[in-house]
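Worksheet: the structure to be examined is printed underneath.
Throughout, read-outs are computed from the coordinates displayed, never taken from laboratory work. None of the values given here were measured: they were computed from a predicted structure. Here the Cβ is made from the backbone with ideal geometry for all residues, glycine too, and neighbour counts use every protein chain on show.
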Amino acid sequence: MPDIIEAVHAVLRQIEFEEKVRVLYACESGSRAWGFSSQDSDYDVRFLYIHPQEWYLSIDDRRDVIERPITAGLDVNGWDIRKALRLFRKSNPPLFEWLGSPIIYFDQFTLATSLRCLAETYYSPPGLYLSLSPYGRGKLP
């Protein structure tokens, strides 16, 4: 596992350099995180990041995800912190999975711990249902 941790850290540093972002949190998601991986399973690295302040001051919408093609068994994707917080407000299942991952590669400023504490108060199963409902945002049948 030390080799994969080094590889993940190297990819995250490269993303920080190329995208001009700072990775705040990175974890394993999917089969490896939950103990049902196979020999062919890749590493599903998920991360949250932040841009420099001026990026958020733009009036234009900008891409709020970073995705990399699967390379050397690493599937690496991340969300901007603003996107993550909007999804947190809706009790987004993938985000809560990431926050609950037992394999954490990186946690700058204890972001995940802070979000987990907030989740105790703000996680909403009805909010989750409404966000996923085919009836649309907040509309019941």
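Return the calculated 222 nm mean residue ellipticity for the chain, to the nearest 500 deg cm²/dmol, obtained by summing -39500 (n - 2.57) across DSSP H runs with n ≥ 4 and dividing by the residue count.
On the way: 7 runs with 62 residues, N = 141.
Taking each H run of at least 4 residues, the total per residue is -12500 deg cm²/dmol.
What's the exposure ranking of Phe17, Phe96, going from fewest to most Cβ atoms within 10 Å?
Working: Phe17 9, Phe96 16.
Fewest to most other Cβ atoms nearby, the residues stand as Phe17, Phe96.
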message = If I model a spin label at Glu97 and Asp42 as a point 7 Å from the Cα along the Cα→Cβ vector, what separation in nanometres do I get?
response = 1.5 nm
Per-residue ³J(HN,Hα) for segment 74-79, Karplus 6.51 cos²θ - 1.76 cosθ + 1.60, θ = phi - 60°, Hz, x for Gly and Pro = 10, 10, 10, 9, x, 10
task = With a Förster radius of 41 Å, plug the Cβ-Cβ distance of Ala72 and Glu120 into 1/(1 + (r/R0)^6) and report the FRET value to the nearest 0.05.
result = 0.65
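Neighbouring Cβ atoms within 10 Å as the yardstick, rank Leu99, Leu48 fewest first.
Working: Leu99 20, Leu48 26.
The most exposed by this proxy come first: Leu99, Leu48.
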ask   = What percent do you get for the relative contact order of the chain when only Cα pairs under 8 Å and 6+ apart count?
value = 25 percent
task = Would you indicate which of (i) 59; (ii) 55; (iii) 67 is the value of percent of Cα pairs over 18 Å apart derived from the coordinates of this structure?
result = (i)
task = Could you tell me the distance between the Cα centroids of segment 45-90 and segment 1-25, to the nearest Å?
result = 14 Å
note = Amide H proximity to Leu24 below 5 Å, modelled H, separation 5+ or other chain, gives Leu48, Tyr49, Ile50
query = What ranking do Glu28, Glu67 get, fewest neighbouring Cβ atoms within 10 angstrom at the top?
reply = Glu67, Glu28
